Amino acid sequence: MDPALFAQHLLNGVMLGVIYALVAVGFTLFFGVLDVIKFSHGDVVMLGAFTALATSIAASAAGLSSPVILAAMLLAAIVGMALVGMLMARYLVLPLRNAPTLNVLLVTLMAGTVIREGVRLFYPQGSNPKPFPRLLPTGAFEFGAFTLRHDSIVLLVLGVGAIVFVHLLIVRTRLGLAIRAVAQDPETASAMGIPFRGTVLATFAIGSALAALAGVVNGLYYSEVSFNMGLLLGAIGFSAAVIGGLGNVYGAILGGFVFAALQTIGAVALPFASAYKDVFAFGVVILLMAWKPGGLLAERSAERV
Amino acid sequence: MGTPDRATILPALAAILAGAGATLALLLAETQWHVAVVALAGVAALLIGGRAGFGDAIHRSVASHQRVTSATAWLAGAVVVFLLREHNFELLMLCTVMLYVLAGLGLTVQFGFAGVVNFAAAAFMGVGAYTAAVLMTSTGLPHLVVVLAAGVVTALIGSVLLLPLLRTRGHYAALITIAFGILFRTFLEVNDTLGGPQGLKVPGLQIFGYAFNEAIEFDDETEWSFYTAYAGVFIVVLGLAYTLVRRVERSWMGLALDAVRLDETAASAFGLNGAAWKIAAFSFGNFLAGIAGALYAILTAFIAPASFTFGDSLLLLSIVILGGLGNPLGLLPAALVVVVLPEKLQVIQEYRFLLFAALVILILLLRPGGLMPRRAREYFPGRSS
């Protein structure tokens with residue numbers, strides 16, 4: 001393959017990988033602290049993108065400049081989704097703590113449907129895809145046939161920066177220590193004076209804030225958002241977290257890039273039409289699960305009986 | 001069992017009568033107000049009746065008069081279809097409800113009995129529907145064989161997922177079916193030989209030379225809707241499937257499935273092969289879903305990928321949970337609520353996914369057993385132990 005074209009696909013894959021990793025880290029954080037899957041996560045991504053969109057429309061109506069609009073919409077999306085995440089944890093996930101784990105999956109799936117349908121029905125013309133404002137510098141570096149858009153660089157830095165920030169938060173801070181303690185053993189953590197509920201809520205806030213960021217990055221990258229983008233993004237993020245091994249943050253990041261690589265390979269390197277890329281990617285996910293049922297970086301533990 | 005008192009059969013007969021009456025009332029209600037009142041009254045009757053202990057009375061009476069009550073239930077179904085014989089649209093809805101119940105029976109066996117998750121029930125219905133469409137247009141197989149073949153093919157395609165499903169559990173297993181559901185729909189949309197997003201046309205049913213798509217005329221005045229014949233066939237299929245599922249539940253097989261679901265490790269300590277039971281339950285459930293899909297394709301004469309989305313899988317799952325997970329009888333009221341209500345109440349048509357999602361959330365939070373919670377197993381039905 002032509003090296004310029006290869007680099008272009010590689011860049012595109014990395015960009016996708018960053019978005020998927022942002023979503024997958026949320027899944028894996030929630031699973032870590034509560035052993036639950038919050039399937040509405042993809043729809044929180046979508047809601048974050050729409051919150052940012054609405055904020056940007058309001059801000060540009062107020063005549064603000066692009067960087068200010070960008071900051072305002074990021075802030076609104078992140079704070080808004082952190083709140084949504086905490087509310088969901090408080091009123092949907094925590095009350096079902098002692099119910100069968102799949103009930104939580106179902107409840108959050110349905111909560112995702114409520115969010116999705118809510119945006120479709122109540123956002124003005126919500127059932128059509130919406131153009132997302134181009135707020136980043138539009139220039140590009142040209143290397144022969146390979147173009148590196150400036151906005152891609154900004155988005156990559158933003159995404160990678162967020163992942164590094166969360167990593168530091170978990171490894172270096174007291175809050176991170178609390179999250180890791182609760183993930184390991186909630187009862188012992190409570191006995192050591194770590195507030196269980198507060199830690200869970202904080203984790204959901206962090207994960208949902210990442211989802212909001214993923215939504216904004218996704219919107220800025222594709223310049224379009226739609227009410228049903230969350231379903232596929234959620235399924236991909238969940239797949240990525242599971243491929244990597246649930247509960248493992250590095251696994252989720254790895255899984256995100258693996259899924260993006262699968263999609264890119266499916267689109268460009270395989271003999272059949274590129275429309276089959278999702279069929280290929282999800283097919284490989286199923287095969288990976290058959291090969292490594294606990295994910296690529298699985299926890300080493302025997303099942304407790 | 002001694003000769004049971006004749007009067008004890010009354011609660012069962014009353015329940016069947018009430019069920020048939022409520023179904024008819026809901027299907028025939030004309031104005032939005034009537035529909036809302038009938039639906040609310042029905043749900044309230046279920047909830048209050050359950051709390052006041054009518055449920056137990058009905059249950060005891062059914063258990064001690066099984067032959068009479070099941071014969072009455074078949075008869076009641078036939079009477080409902082007969083009374084609707086000139087109402088095209090209502091019969092179509094009744095047929096759709098029956099197919100959702102049939103697919104729901106499959107999910108009940110998988111999720112309710114064996115504890116195998118399946119978030120791709122609509123995709124498996126789609127496999128059955130497309131198999132039936134292809135077989136009916138390109139081969140001359142008798143249509144009854146086609147319907148059975150659709151079920152078998154669906155079970156076979158489902159068995160592709162068996163290895164990953166058996167090696168994983170919980171959320172990992174859930175992901176596999178979710179991935180399959182999305183994969184299947186994307187595949188249909190981009191595959192041109194299966195019609196792509198436009199879908200396929202399906203010919204009408206013919207059994208022993210009798211064409212179902214012709215209206216039934218007796219003389220010049222009386223003409224029955226052609227859906228009457230479909231509804232008749234569906235009642236037979238659904239009745240057989242329901243009886244089969246009930247028998248399985250009551251037999252040693254149901255006991256084994258329950259044991260595997262509740263604690264696979266303990267079950268295997270008692271010599272039960274958990275994997276084998278899960279395979280059996282998953283394949284049987286997909287077989288039923290495939291048959292439901294094939295009949296759906298024949299009924300609507302047209303299928304497209306948009307009918308078998310992840311959202312539809314969730315709708316099926318909400319029927320199963322709304323009715324009461326593991327209770328086949330609860331599927332009927334739940335399917336009536338989920339399928340008929342939005343068609344009848346045009347006010348909520350647009351909001352139906354939103355409302356059902358919210359409804360399922362409320363049920364899971366407040367009443368996890370559903371409208372008709374599953375009862376504890378009785379080893380000697382009809383005998384107060």
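Just so it is clear, none of the values below were taken in a lab; they were calculated from the coordinates. All figures in this text were calculated on a predicted structure; none of them were measured in a lab. Positions of Cβ are backbone-derived with ideal geometry, glycine not excepted, and every protein chain shown enters the neighbour counts.
With the simple model of a label 7 Å out from the Cα in the direction of the Cβ, B:Glu86 to B:Ile48 spans 3.5 nm. Near the amide H of B:Ile207, within less than 5 Å, lie the amide hydrogens of B:Phe212, all on another chain or at least 5 residues away, with H placed in the peptide plane. For segment B:230-304, the convex hull spanned by the alpha carbon atoms encloses 89 Å³ per residue.
In order along segment B:12-27, the phi-based Karplus estimate (6.51 cos²θ - 1.76 cosθ + 1.60, θ = phi - 60°) of 3J(HN,Hα) comes to 5, 4, 4, 5, 5, 4, 4, x, 5, x, 5, 4, 4, 4, 5, 6 Hz; Gly and Pro are listed as x. Taking square-rooted eigenvalues a ≥ b ≥ c of the alpha carbon gyration tensor, is segment A:110-248 rounded, prolate or oblate, where a/c under 1.5 means rounded and, failing that, a/b exceeding b/c means prolate? Oblate is the answer for segment A:110-248, as a/c is 1.5 or above yet b/c matches or exceeds a/b.
Taking amide hydrogens as placed 1.01 Å from N in the peptide plane, the amide H of A:Lys130 sits under 5 Å from those of A:Val225, A:Ser226, each at least 5 positions away in sequence or on another chain.
Length, then width, then depth: along the principal axes, the Cα atoms of segment B:241-385 run 52, 34, 29 Å. Karplus-derived 3J(HN,Hα) values for segment A:284-289, using 6.51 cos²θ - 1.76 cosθ + 1.60 with θ = phi - 60°, are 5, 4, 4, 5, 4, 5 Hz; glycine and proline are entered as x. The ranking of A:Asp185, B:Asp192 from fewest to most other beta carbons within 10 Å of each one's beta carbon is B:Asp192, A:Asp185. For A:Ala140, nonlocal amide neighbours, meaning residues 5 or more places apart or on other chains whose placed amide H falls under 5 Å from its own, are A:His150.
Applying the Kirkwood pairwise sum to the alpha-carbon positions of segment B:100-327 produces a hydrodynamic radius of 18.2 angstrom.
Relative to the Cα centre, the charge distribution of chain B, modelled as +1 at Lys and Arg Cβ and -1 at Asp and Glu Cβ, gives a dipole magnitude of about 1580 debye. For chain B, a Gaussian network of Cα nodes joined below 10 Å ranks B:Leu329, B:Leu26, B:Leu365 by mean-square fluctuation, and the top entry is B:Leu365. When chain B is treated as a GNM with alpha-carbon contacts under 10 Å, the residue of B:Tyr100, B:Tyr210, B:Tyr296 showing the greatest mean-square fluctuation is B:Tyr210. Karplus-derived 3J(HN,Hα) values for segment A:175-188, using 6.51 cos²θ - 1.76 cosθ + 1.60 with θ = phi - 60°, are 4, x, 4, 4, 4, 5, 5, 5, 4, 6, 7, x, 5, 4 Hz; glycine and proline are entered as x.
I'd like the distance between the alpha-carbon centres of segment A:79-148 and segment A:205-224, rounded to an integer number of Å. If we compute the Cα centre of each part, the gap is 8 Å. This model, with +1 at the C-beta of Lys and Arg and -1 at the C-beta of Asp and Glu, gives segment B:100-327 a dipole about its Cα centre of some 1080 debye.
Scanning chain A for GluC sites (Glu not before Pro) in DSSP loops with at most 14 neighbouring Cβ atoms within 10 Å leaves A:1-298 as the longest stretch between them. Between B:Ser61, B:Ser283, B:Ser268, the residue with the greatest mean-square fluctuation in the GNM of chain B (Cα pairs under 10 Å linked by springs) is B:Ser268. Shielding by partners for peptide B:294-301, expressed as the average number of C-beta atoms from other protein chains within 10 Å of each residue's C-beta, is 0. Loop-resident trypsin sites (Lys or Arg not before Pro) (DSSP state other than H, G, I, E or B) in segment A:213-305 with no more than 10 further Cβ atoms inside 10 Å of their Cβ: A:Arg300, A:Arg304. Cα centroid separation, segment A:164-200 to segment A:246-283: 32 Å. Short to long, the 10 Å bins of the Cα pair-distance histogram for segment B:1-122 hold 11, 30, 38, 19, 2 percent of all pairs. Loop-located chymotrypsin sites (Phe, Trp or Tyr not before Pro) in segment A:249-278 (DSSP state not H, G, I, E or B) with no more than 16 neighbouring Cβ atoms inside 10 Å: A:Phe272.
Quick one: Debye curve from the C-alpha atoms of segment B:66-109, no solvent, what's log10 I(q)/I(0) at q = 0.19, 0.28, 0.30 Å⁻¹? Relative scattering, expressed as log10 I(q)/I(0), comes to -0.72, -0.94, -0.95.
Above 37 Å, the calculated P(r) of chain B contains 20 percent of its Cα-Cα pairs. Please report the spacing between the Cα centers of segment A:1-44 and segment B:349-374 in Å, no decimals. Distance between centres, Cα-based: 31 Å.
For a straight C-alpha distance cut-off of 25 angstrom, the lysines reachable from A:Lys38 (same-chain residues fewer than eight places away being disregarded) are A:Lys292.
The orientation-averaged shadow of the Cα convex hull for segment A:23-117, equal to a quarter of the hull surface, comes to 6.3 nm².
Remark: A:Arg90, B:Arg352 ranked as A:Arg90, B:Arg352, counting other beta-carbon atoms within 10 Å and listing the fewest first. The mean number of Cβ atoms from other chains found within 10 Å of a Cβ in peptide B:180-191 is 5, as a whole number. If you take all other residues with their beta carbon under 15 Å from the beta carbon of A:Val200, and give Lys and Arg +1 and Asp and Glu -1, the sum is +2.
Summing +1 for each Lys or Arg and -1 for each Asp or Glu among the other residues whose beta-carbon sits under 12 angstrom from that of B:Arg250 gives +1.
Computed over the Cα atoms of chain A, the ratio of the radius of gyration to the Kirkwood radius (Rg/Rh) comes to 0.97. Computed about the Cα centre, the dipole magnitude for the protein assembly as shown is approximately 1980 debye when only Lys and Arg (+1) and Asp and Glu (-1) carry charge, each at its Cβ. For the protein assembly as shown, the ratio of Cα radius of gyration to the globular rule of thumb 2.2 N^0.38 Å stands at 1.01.
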